[in-house]
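Before any comments, here is the structure.
The values are calculated or read from the model by the stated rules, or taken from the named source; none is laboratory data. Everything numeric here is computed off the predicted structure, so don't read it as measured data. All Cβ positions, glycine included, derive from the backbone under ideal geometry; neighbour counts span all protein chains shown.
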DNA sequence: ATAGGCAATCGTCGATTAACGATACTAGGA
DNA sequence: TCCTAGTATCGTTAATCGACGATTGCCTAT
């Protein structure tokens, strides 16, 4: 089954199947740490806004995101790095630009963890 | 007239009907800040664990929470303050003790905001 | 009235975060 | 090739966080 770019996710290649995302429970110390880590990643207004922009397809490229925010390019890049490290966004090199998109696996995971608190 | 504990024990008095919780949208800059604030509050493993303890009724009194965690009393108190300030827990004076419980309005709000990202 | 226990607050310290400008890196175009 | 544009990283600074012990304040029981 070709991981063709479905209408919803065009920007980034298929997820590398993060191992952590498979054998996960929703409770216990590990789950607590995981939720805390994800929550911390969205614990800043700029990062929430970036996530929203990506989920609404308002922007997909780093420079677009920079244009939308009242922050320096380096600061935005750092926020993107944090989101990426938390597993909430993915990126792909698109020529000179870098495209970002939501990592739906991570977002699902966050929602699942929050929902059972 | 000991502190009576009714079975389903809502530990705390009815919610003071926080004004912010009524006329809220799920998008926009305000919603971004609100979600960031709530997420930041649960962006620490100890606070996630406290929320879980409260939601599972494993503990309701400050001293019990302190006993469950490998942290000093003052540290736990600070975490509780943060959760309370974010609107995720409420507290009530129960004689000498202080009872804590989930603020379901705040939790619902968090879940709603997360769900539409 | 006072003693004792519980929780909040204070003061401090080191670690982390957020922001910026400057610089380095990298891929395309001249 | 060299230049340029788009990103990432580096280095710095101020602010915030997390943890602790000590202290304070408050209730209850004695």
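Some observations on this one:
- Residue in segment A:36-52 that is within 13 Å of DNA strand C (Cβ to nearest atom), touching a residue at least 60 places away in the same chain (Cβ under 8 Å) and farther than 19 Å from residue B:46 by Cα present: no
- Per this entry, residue B:90 is counted among residues that are more than 9 Å from DNA strand C (Cβ to nearest atom) and within 11 Å of residue B:12 (Cβ to Cβ).
- Residue B:99 vs. criteria on the phi > 0 side of the Ramachandran plot and either within 11 Å of DNA strand D (Cβ to nearest atom) or out of contact with any helix residue (DSSP H, G or I) (no Cβ under 7 Å at 6 or more places or on another chain) (or both): no
- Boolean, residue B:87 is part of a loop (DSSP other than H, G, I, E, B) and farther than 17 Å from residue A:28 by Cα: yes
- Every residue from segment A:101-117 that is more than 8 Å from the chain's Cα centre (by Cα) and not in a helix (DSSP H, G or I): A:116, A:117
- Scanning segment A:28-61 for residues that are at the interface with chain B (Cβ under 7 Å from one of its Cβ atoms) and either surrounded by fewer than 17 Cβ atoms within 10 Å (Cβ to Cβ) or part of a helix (DSSP H, G or I) (or both) yields A:32, A:33, A:35, A:36, A:39, A:40, A:45, A:48, A:49, A:51, A:52, A:55.
- Enumeration of residues in segment B:63-84 that are in a helix (DSSP H, G or I), more than 14 Å from every other protein chain (Cβ to nearest Cβ) and within 11 Å of DNA strand D (Cβ to nearest atom): B:66, B:73, B:74, B:75, B:76, B:77, B:78, B:81
- Looking at A:91, A:55, A:74, A:63, just one residue is over 13 Å from the mean Cα position of the chain (by Cα) and under 30 Å from residue B:45 (Cβ atoms), and that residue is A:74.
- Segment A:88-106 residues that are in contact (Cβ under 8 Å) with a residue 60 or more places away in the chain and within 14 Å of chain B (Cβ to nearest Cβ), paired with ones that are part of a strand (DSSP E or B) and more than 16 Å from DNA strand C (Cβ to nearest atom) (beta carbon under 7 Å, 6 or more apart): A:101/A:90; A:103/A:90
- Cβ-Cβ under 7 Å pairs, at least 6 apart or on other chains, segment A:72-83 side modelled with pLDDT under 95, far side in a helix (DSSP H, G or I) and buried (at least 19 other Cβ atoms within 10 Å of the Cβ): none
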